[in-house]
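Contents: one structure, followed by commentary.
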Amino acid sequence: MPGDLPVTRDDIDTIAAWTVIRAARELARRLAVELGPLDLSPVEFGVLVQLAAADGLSQADLARAVGIRPQSMTTLVAALHGRGLVDRGTERGRGRASRITLTTAGGELLARAHPLVLASNDWFGDQGAVALVTALRPLLADTTGPADTLP
């Protein structure tokens, strides 16, 4: 019931995890605006950059690296494949782990998108991006895959 827990807006803003969640949503929205002219979403960028760092990934590995449900990756990969940005390989089907790779067109689009995404570090001011990554990186330490090998 409202009022049972005396909480103010300032109290809410001191909850670090909730603040990070809210900030992540806002940053995703801003990044979507930056990538919009390239017809690329932040998650699609994540897929392309993960594939650039690996020599092919399964859909499950790619979903873990990007941070989405494996079921969502099926639709996403199909759309990227339809645009000629990724290759799904020839061994597709239930029980077969096909390796998804970046196509030449996907690499070219990533080369155009990467500077836009990298420029987002400026949103955090001098040394802010470094401090933020340093603070948040331990939360991602239990992930495996290509994301852990990127500088």
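The values are calculated or read from the model by the stated rules, or taken from the named source; none is laboratory data. Owing to the predicted nature of the structure, the values given are computational and were not obtained by experimental measurement. All Cβ positions, glycine included, derive from the backbone under ideal geometry; neighbour counts span all protein chains shown.
For the structure I just gave you, tell me whether Gly95 is surrounded by 15 or more Cβ atoms within 10 Å (Cβ to Cβ) and either in a helix (DSSP H, G or I) or at pLDDT below 90 (or both). Considered against the rule, which asks whether it is surrounded by 15 or more Cβ atoms within 10 Å (Cβ to Cβ) and either in a helix (DSSP H, G or I) or at pLDDT below 90 (or both), Gly95 comes out as no. Taking the conditions (1) over 28 Å from Thr104 (Cβ atoms); (2) without any contact (Cβ under 8 Å) to a residue 24 or more places away in the chain; (3) of a type outside the set (Lys, Arg); (4) not in a loop (DSSP other than H, G, I, E, B) in turn, Ala28 satisfies each one other than (1).
Taking the listed residues Gly89, Gly84, Gly106, Gly36, the one that is within 18 Å of the chain's Cα centre (by Cα), of a type outside the set (A, V, I, L, M) and surrounded by fewer than 20 Cβ atoms within 10 Å (Cβ to Cβ) is Gly36, with no other qualifying. The selection criterion, being touching a Ser or Thr at 6+ places or on another chain (Cβ under 7 Å), in contact (Cβ under 8 Å) with a residue 12 or more places away in the chain, in a helix (DSSP H, G or I) and not aliphatic (A, V, I, L, M), holds for Arg64.
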